[in-house]
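To start, the structure under review is shown below, and the notes come after it.
The values are calculated or read from the model by the stated rules, or taken from the named source; none is laboratory data. Quick caveat: nothing in here was measured; it's all calculated off a predicted structure. Note: ideal-geometry Cβ built from the backbone for every residue, glycine included; neighbour counts use all protein chains shown. Note: accessible area is taken over every heavy atom of the protein model, side chains too, but ligands, DNA and RNA are not part of it. Shrake-Rupley method; radii C 1.70, N 1.55, O 1.52, S 1.80 Å.
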Amino acid sequence: MKLPFAENSTNQNERYVGRFAPSPSGPLHLGSLVAALGSYLRARQMSGKWLLRIENIDPPREQKGADTLIKRTLEQHGLCWDDKVIYQHDSHQYYEQALSALFNHGHSYYCQCTRKQRLANPKGQPCPCSELTLASQGSATVLRNTVGIREMTDIALGAIVFNSEMNDDFILRRKDGLYAYQLAVVVDDIHSGITEVVRGADILPATAFQLALYRLFKLPAPVYMHLPLVLGENGQKLSKQNHAPALINERAASNLCSALGILGLNVPLGMTNATVEEILCWAQSNWNEALIGNKANAFDNRIDAPDSI
Ligand SMILES: [Zn+2]
């Protein structure tokens, strides 16, 4: 399957390229800082590039001005990205190319089911639309998941076995025309030549879907490292939806120390008055993925689908 944007990938020489990819649905919180910092440290340690991508494929969930706030917060925390910021709204042509390639090779079908009908399907069974030739108009585009990725190896978490639900067919483009996260993230990572994805463990289950797309595109997938999630007092993960408090930029140094603690690296007491630059420089020399190791026990390596997928 030919993907024109893959041939024009900005990374022909396979240099390390990482990224941080927040959605502009609100300001960054401590959980997002952990993901940003983990991916930044890996990229800097590998003398690679660290890209910033604003994932604005879902305009109804977008908060006006959030991208500016995110960029300011990253800068205040010393996390300066390389190249110009990538916005997903500039990538629709690549999503379309990928959708056409998949459809033309019989890897997707149009589905007119409602969400309720889809959920009512027996588990492991594709919806009846997969047998029909429906119009694209008013339909969702669904991937025929013939690949069925069952396992992967994560740099931090080791061997992962996916729940069978992660082998179900999945939506590439919603009925309302919006591109699904699974499609956009893979296309963007291919286009930017990303070699390693470092992100929060909440996205770990979805990696099965993303790996299936790489397999169908016949392209090598990046290496993955999933980082510990930050839990709030109620035991739920910190997220914009849960109204996690925004990072206070004036406390950048202390925020970085908290984030490093979650990544398994405790900043020594002697560094209490260190600047943002000093903390980052020290962390670059002292942090590695093995420090997350014991925190990985917090995850059940048998991964279930979260509600949002
Ligand atoms: Zn259907």
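Taken over the stretch 47-74, the criterion of being touching a residue at least 24 places away in the same chain (Cβ under 8 Å), among the small types (G, A, S) and surrounded by fewer than 17 Cβ atoms within 10 Å (Cβ to Cβ) is satisfied by S47 alone. Checking the structure you have, find out if any residue of the stretch 89-103 is open to solvent by 60 Å² or more (accessible area, probe 1.4 Å), aromatic (F, W, Y) and free of Cβ contacts under 8 Å to residues at least 60 places away in the same chain. Looking for residues that are open to solvent by 60 Å² or more (accessible area, probe 1.4 Å), aromatic (F, W, Y) and free of Cβ contacts under 8 Å to residues at least 60 places away in the same chain, one finds at least one in the stretch 89-103, hence yes. Suppose the filter is open to solvent by less than 20 Å² (accessible area, probe 1.4 Å), part of a loop (DSSP other than H, G, I, E, B), closer than 30 Å to L227 by Cβ and more than 12 Å from the ligand (Cβ to nearest atom); does I149 pass it? Yes. Assess whether D202 counts as being in contact with a Lys or Arg (Cβ under 9 Å, 6 or more places away or on another chain), touching a residue at least 40 places away in the same chain (Cβ under 8 Å), open to solvent by 20 Å² or more (accessible area, probe 1.4 Å) and not hydrophobic (A, V, I, L, M, F, W, C). So D202 fits the description; yes.
As a summary of the residue check, L183 satisfies the conditions (1) hydrophobic (A, V, I, L, M, F, W, C); (2) over 22 Å from C113 (Cα atoms); (3) at pLDDT 95 or above except for the one numbered (2).
Taken together, D176, D188 contain a single residue that is assigned to a loop (DSSP other than H, G, I, E, B) and more than 26 Å from G158 (Cβ to Cβ), which is D176. For the stretch 130-139, the condition holds for at least one residue, the condition being that it is within 14 Å of the ligand (Cβ to nearest atom) and not in a loop (DSSP other than H, G, I, E, B).
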